Amino acid sequence: MQRWRGLEEVPDSWGRSVVTIGSFDGVHRGHQLIIGRAVERARELGAASVVVFFDPHPSEVVRPGSHPPLLAPPHRRAELMGELGVDAVLILPFTQEFSQQAPADFVKQVLVDALHAQAVVEGPNFTFGHKAAGDVALLAELGRVHDFDTEVVDLFVRNEVGGDEPCSSTLARRLIAEGDMPGAAEVLGRPHRVEGVVVRGAQRGRELGYPTANVEILPHTAVPVDGVYAGWLTVVGDGPLPIAGERMPAAISIGTNPTFDGTARTVEAYAIDRVGLDLYGLHVAVDFLVYLRGMEKFDTVDALLERMADDVKRARELTDDGTPPR
């Protein structure tokens, strides 16, 4: 899969494409339907499939300080799109100047001149251009002018967890904020993940016999509610062998360490039954399976240790079936 950042990286020789555009934060199951249909349509037409999304999130540029919690950073979104069979991903830097672009100009510059769109696949609530003035009806009208088809895909509807509530990034963020990790996984199609570099903390976990990876989470990440979780810890990117890419069952803590009167909110993951791990400076991913309990302040260290042992036991049991996150 090809990855381009900015229109200038699109090859001049690029042929006809089937394109879909959106924020695609989280690449949830609704997004997967849209992207999957674009890939399918491209194969039918003998064209390439291209997904276009924006970085940073448009709301942060249009209304500074309003950036929503992100379900997946841009590199993770591109990775998930590649797994869906996409041929190319175009990440468009979203700027004030870009936000002022009229819908017709956006279509001409991006879809027609750069990507040579043969078809465009979108969800029913797709908007584009200055002040979101363009919608799927206008896109279809402009398609007739510029010789591309427009196809609208209905949003995925959750049945098992959310009744008839449509899949959306907003819904996934709410479930994550509530600690409903199975519900979030139902929307996303996989466990929710946060990423970051392992940094040095107070090292209390090591002193207590449970050395944790203190993860400096990427900015704007959707972090679950404070508490203890079962999940997985993975070294991603160029980590050392043999642990690079290995999904290690983990007990995960989010909070301020109230037993020790902490004030900084941290995300810490203990790789269960792993001895001698040195993860400092490595980029890791933490995938959340289920919420175990809320954050508590214990009267004694012994009481904390007893609860931690129970947390690890439960996390080990829950992840013991060997089913890795997607």
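Of all residues in the stretch 296-325, those being under 28 Å from V236 (Cα atoms) and either in contact with an Asp or Glu (Cβ under 6 Å, 6 or more places away or on another chain) or aliphatic (A, V, I, L, M) (or both) number 6.
Screening the stretch 159-178 for residues that are surrounded by fewer than 19 Cβ atoms within 10 Å (Cβ to Cβ) and modelled with pLDDT under 90 and picking the one that is nearest to D25 (Cα to Cα) gives P166.
The values are calculated or read from the model by the stated rules, or taken from the named source; none is laboratory data. Keep in mind the model is a prediction, meaning the values are calculated, not measured. Using ideal geometry, Cβ is built from the backbone for each residue, glycine included, and neighbour counts are taken over all protein chains shown.
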